[in-house]
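What follows is a short report on a single structure.
What follows draws every value from the coordinates through simple rules; no lab data is involved. In this text, all values refer to a predicted model and were calculated from it rather than measured experimentally. Here the Cβ is made from the backbone with ideal geometry for all residues, glycine too, and neighbour counts use every protein chain on show.
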There are 2 protein chains.
Amino acid sequence: MNDEVIDKTAADEDGFALDNRTVSAVLLAVAAGDGARLGELLEPMHSADIADLLEQVDSGRRREILLLAPWHFDGEVLSELDETLREEVIAFLPPEVLAEAVRDLDSDDVVDLIEDLEPPQQEAILDALEDADRVAVEQALGYPEYSAGRLMQREVVRAPEHWTVGETIDHMRANKKTLPDQFYHVIVVDPGIRPVGYVTLGKLLSAKRSVPLTDILEDSFRTIPVTQPGAEVAYLFKQYHLISAPVVDEGGRLVGVITIDDAMNVLDEEHEEDYLRLAGVGDTSLSDKVLTTAKGRFPWLMVNLVTANVAASVISQFEATIQQIVLLAVLMPIVASMGGNAGTQSLAVAVRALATRDLTASNTWRVVRREALVGVLNGLAFGAMMGAVVALWFGEPMIGAVIAVALLLTLIGAAVGGVLIPIALERAGVDPAVASGPFVTTITDIVGFFVFLGIATMVLL
Amino acid sequence: MNDEVIDKTAADEDGFALDNRTVSAVLLAVAAGDGARLGELLEPMHSADIADLLEQVDSGRRREILLLAPWHFDGEVLSELDETLREEVIAFLPPEVLAEAVRDLDSDDVVDLIEDLEPPQQEAILDALEDADRVAVEQALGYPEYSAGRLMQREVVRAPEHWTVGETIDHMRANKKTLPDQFYHVIVVDPGIRPVGYVTLGKLLSAKRSVPLTDILEDSFRTIPVTQPGAEVAYLFKQYHLISAPVVDEGGRLVGVITIDDAMNVLDEEHEEDYLRLAGVGDTSLSDKVLTTAKGRFPWLMVNLVTANVAASVISQFEATIQQIVLLAVLMPIVASMGGNAGTQSLAVAVRALATRDLTASNTWRVVRREALVGVLNGLAFGAMMGAVVALWFGEPMIGAVIAVALLLTLIGAAVGGVLIPIALERAGVDPAVASGPFVTTITDIVGFFVFLGIATMVLL
């Protein structure tokens, strides 16, 4: 009883169930080896929060928690768990707990759970499934990764096009046991099991029993090819406010259904990936081991080391100039870093606009022109400011003029480059979100150093 | 007919309706002043695609399209339209078209449509609404921006707790006209109109008429306070796989309902905002005017100018050293840019982990320690590589040793700083996603220059 009170208060405070007090209480129970108390604490928790709990503690504690109260870790919790931890947790769980855990899941959740596991663990879970479920999961695994075929659930509610509302409801009442937990539409199919439209449950409930299904079909209706990439599926759901959509094979036959909660997860993952990629980080998780994390960060830092060396070699061309006017060495990082920031700004806007399809072939040149003009405006503003600082503060009007011009040119170049690079990558079939942030900053470093030191050499020596 | 064929083919190609061919055909019709042809092209298009079309063309074309076929721009299209364009489009539309356009919208869509408009335009739209709708919209506008009260729709389907399945269905059939377009649950309320649970439409359809609603309530059920921020609402939907959730006032009374499609939009907007903020860009849109865009990019560039000047003043402390060894000026940007990239990597991971609540008080120190270790590993790797390059290529073993040590220290500092800065901001109540990317890169610039030139001065002179 006491725990429930704690839980309620916590939820009242900020609306989230997993607060620090709960985590502390769990750790206390684990330290005391008190399985009963741990069970009491886990009982009222949502599976998503139990998964978060496992993600927040270290590996040793995780093992103790699993050993003390294995029965609380059902399929739902495993589904919610970060992929990098699943193998570890599954290895800790007794086989009979694991078998029980996966049997209640919908086919799409089992697929999501096992697609990244090693073959022996995959096999162990497949063996725990009933034959029909096993076939469904194996078929789904046959579709390409990140495709609609992996996202969809095979449990669909469908009705032939000649049925009435009454016939449909009677059928559902008679087959109550086989209905999915959550569904929002009845998919109307032709004799070849090809979807021809769908009816919302709200319409089905409010229409008279005698009304034919074809009279209350929704106006807009989209099917999703089973091979369509997940990112496009998420885009379609968002763009057209879909709640669920039937998935069809090459012959247009109904093979499953994708619901908005799955699309929302894909959208969330795509965004997270793009965010981390802008920062030069690949797929990553706080639960990764140190060595895995370091390896994941390595490639972009390596790219950066190479391009930074190119930038350094640009500077080395101007060693004689710097030797004579050391102030140039002091000021050159200002030009480079302003260029890097302005380039990243343009790049981020362009990458997002490409992802949301606001930037297309029909408005490319208008967008590039606009970015160039923005570069001119900010280049003039910051060039004037920095030029004035150098002229007045350092008493070097000529160097002030040089840095003003260099900033103007660098900011224009950065703005145009920031938008052209992702467009060029997209045209070349490369995801512009991948080769992004660190790439543009080092390009602008090179441009900034070259322009600044080049103009300085021409004008000042 | 011909247009539909074009549209179908386009949709088959990549699953999206608004392709370049459609845009070209629209522009051709506009150039010819052919309103009938334009209408034919717009007719089969989804309102989201019509909105995208308006966003992609320039302001002059936009006006011509609106004048040629005003009746195609209904409330749905206005809702889909980017906020920065709404005022412009609304100003172009004849008042009677506008009035007609908003009358069909649900209250949450009207709120979303007008909340950012100027008062005279707001007034014009409110005047077009029926009295009951107007009151609903004005009440919603009374809730804080970005709160659940703004997101929710007031049209709810509710039933008293003593009703049976049959009574509920009969009630819905009798009140068919007032049912929302899309709904997924019937909310069960006590006599004080406080929600006590909800029933999915699937259960309602498959249960016998005599079953009491309270027998088929869903296990998990969450209400959302009307003042809860939108970002937290989106988090709850994603974390707990909600499809719709009742919104309650301070007294716990039902005032509306939020559905997953609204939560998905908020999630998408939050992500977009965080992405752009990592790049130092505020709220922005491709449809903004050049001056608006330049102003939006200005603040972070200004912050960067100041911090870059601080970095420059660090370098200026070492002018004498650089004068003697110009190679240091050539190499110093390498240290700074490696630090900047490593810092941004840690920062991005930390900001995301804070947003998904994977990084909490209970694991802060473990995460910081892990980042520091990652910094040590990559610092050793890149320090050794760069040290070898300088020693062997430039024939300067001592400078090689200096850059190796400087890289190691800078990468450790960047990794730790990248995770501590967002944590500190979060504790201080500032959104860590706001003060992010450019901040960390300039901090690491300062650290990198200081460490490299400082060690060089101590060791080499």
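Starting from segment B:322-418, pick out the chymotrypsin sites (Phe, Trp or Tyr not before Pro) whose DSSP state is loop and whose Cβ has at most 16 other Cβ atoms within 10 Å.
Working: sites: B:365, B:382, B:393, B:394; in loops: B:394.
Taking segment B:322-418 and a limit of 16 other Cβ atoms within 10 Å, the loop chymotrypsin sites (Phe, Trp or Tyr not before Pro) found are B:394.
With only Lys, Arg, Asp and Glu charged, each at its Cβ (+1 for the first two, -1 for the last two), find how big the charge dipole of segment A:134-185 is about the Cα centre; round to the nearest 20 debye. Provide the component values of the computation, followed by the final result.
Values: 7 positive and 7 negative charges, 34 e Å.
I would put it at about 160 debye.
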Quiz item: Can you give the Rg and Dmax of segment B:290-460 based on its C-alpha atoms, in angstrom?
Solution: 17.5, 52
Self-check item: Per-residue HN-Hα couplings for segment B:134-149 [Karplus 6.51, -1.76, 1.60; θ = phi - 60°; Hz; x = Gly/Pro]
Solution: 4, 4, 4, 5, 5, 4, 4, 5, x, 7, x, 4, 6, 9, 4, x
Quiz prompt | For the protein assembly as shown, with +1 on Lys and Arg beta carbons and -1 on Asp and Glu, the positive-most of B:414, A:90, B:434 along the dipole | solution = B:414
Quiz item: By how many degrees, between 0 and 90 and to the nearest 10, does the Cα long axis of helix B:327-355 differ from the longest principal axis of chain B?
Solution: 30 degrees
Quiz prompt | Long-range amide H partners of residue B:255 with built H, under 5 Å | solution = B:247, B:248, B:249
Quiz prompt | Unit charges at the beta carbon, dipole of the protein assembly as shown: most positive-side option, B:263, A:179, B:343 | solution = B:343
Quiz item: How many nanometers, to one decimal and shortest first, lie between the label point of residue B:220 and those of its other copies, if labels sit 7 Å from Cα toward Cβ?
Solution: 3.0
Exercise. Give the Debye-formula value of log10 I(q)/I(0) at each listed q (0.15 Å⁻¹), with one equal scatterer per alpha carbon of segment A:2-146, two decimals each.
Key: -0.76
Quiz item: Relative contact order, percent, of chain B when contacts are C-alpha pairs under 8 Å separated by at least 6 residues?
Solution: 11 percent
Quiz item: Amide H to amide H under 5 Å from residue A:164: which residues, 5+ apart in sequence or cross-chain, H placed 1.01 Å off N in plane?
Solution: A:213
Quiz item: How far is helix A:397-427 tilted off the main Cα axis of chain A, in degrees rounded to 10, range 0 to 90?
Solution: 30 degrees
Exercise. Using the number of other C-beta atoms within 10 angstrom as an exposure proxy, rank A:439, A:452 with the fewest first.
Key: A:439, A:452
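Based on other C-beta atoms within 10 Å, arrange A:306, B:402, B:303, A:57 from fewest to most. Mind showing how you got there, number by number?
Values: A:306 9, B:402 27, B:303 16, A:57 19.
Going from sparsest to densest Cβ surroundings: A:306, B:303, A:57, B:402.
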Self-check item: Inter-label distance for residue B:430 and residue A:61, nm, one decimal - labels placed 7 Å from Cα along Cα-to-Cβ
Solution: 2.9 nm
Practice problem: Please provide three numbers in whole Å: the alpha-carbon extents of the protein assembly as shown along the principal axes, with the largest listed first. | Solution: 94, 78, 54
Quiz item: What is the magnitude of the charge dipole of segment A:195-291 about its Cα centre, with +1 placed on the Cβ of each Lys and Arg, -1 on the Cβ of each Asp and Glu, and no other charges, expressed in debye to the nearest 20?
Solution: 600 debye
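Quantify how strongly other chains surround peptide A:220-233 by giving the mean number of their Cβ atoms within 10 Å of each of its Cβ atoms.
1
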Self-check item: DSSP bridge pairs, chain A: antiparallel proportion in percent, nearest 5
Solution: 70 percent
Quiz item: Using only the Cα atoms, what convex hull volume per residue in Å³ does segment A:233-390 have?
Solution: 216 Å³
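For residue A:290 and residue B:313, what is the calculated FRET efficiency with R₀ set at 35 Å and r taken between the beta-carbons, to the nearest 0.05? Walk me through the numbers on the way to the answer.
On the way: r = 36 Å, r/R0 = 1.02.
The computed FRET efficiency comes out at 0.45.
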Quiz item: Running Debye on chain B with equal point scatterers at the Cα sites and no solvent, what base-10 log of I(q)/I(0) appears at q = 0.06 Å⁻¹?
Solution: -0.43
Quiz item: What's the center-to-center distance, using Cα atoms, between segment B:280-297 and segment B:70-146 in Å?
Solution: 24 Å
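Suppose R0 equals 45 Å. What FRET efficiency, 1/(1 + (r/R0)^6) with r the Cβ-Cβ distance, do residue A:132 and residue A:208 give to the nearest 0.05?
Values: r = 36 Å, r/R0 = 0.80.
Taking R0 as 45 Å, the efficiency between residue A:132 and residue A:208 is 0.80.
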Quiz item: Of B:45, A:385, how do they rank once you tally other Cβ atoms within 10 Å and put the fewest first?
Solution: A:385, B:45
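Just how large is the dipole of the protein assembly as shown about the Cα centre, in debye to the nearest 20, putting +1 at every Lys and Arg Cβ and -1 at every Asp and Glu Cβ? Before the final figure, lay out the partial values.
Numbers: 64 positive and 136 negative charges, 542 e Å.
The calculated dipole for the protein assembly as shown is roughly 2600 debye.
Hand me the GluC sites (Glu not before Pro) from segment A:229-335 located in a DSSP loop with no more than 10 other Cβ atoms within 10 Å, in residue order please. Before the final figure, lay out the partial values.
Numbers: sites: A:232, A:250, A:269, A:270, A:272, A:273, A:319; in loops: A:250.
Taking segment A:229-335 and a limit of 10 other Cβ atoms within 10 Å, the loop GluC sites (Glu not before Pro) found are A:250.
Between their Cα atoms, which of A:208/B:203; B:177/B:238; A:238/A:295; B:177/B:208; B:176/B:238 are more than 23 Å away from each other?
Working: A:208/B:203 18 Å; B:177/B:238 32 Å; A:238/A:295 35 Å; B:177/B:208 25 Å; B:176/B:238 31 Å.
Where the Cα-Cα span goes over 23 Å, the pairs concerned are B:177/B:238; A:238/A:295; B:177/B:208; B:176/B:238.
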Quiz item: Each residue of segment A:305-313 in order: what ³J(HN,Hα) in whole Hz does its phi give by Karplus 6.51 cos²θ - 1.76 cosθ + 1.60, θ = phi - 60°, with x for Gly and Pro?
Solution: 4, 5, 5, 5, 5, 5, 4, 5, 5
Quiz item: How far, in degrees from 0 to 90, does helix A:364-392 lean away from the longest principal axis of the Cα atoms of chain A, to the nearest 10?
Solution: 50 degrees
Quiz item: Using 1/(1 + (r/R0)^6) with R0 = 22 angstrom and r between the beta carbons of residue B:366 and residue A:32, what's the FRET efficiency to the nearest 0.05?
Solution: 0.55
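Can you give the % of DSSP beta bridges in segment A:158-278 that are antiparallel, to the nearest 5?
Numbers: 11 of 16 bridges.
Just about 70 percent of them are antiparallel.
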Quiz prompt | Top positive-direction residue, dipole computed over chain B with Cβ charges, set B:38, B:125, B:302 | solution = B:302
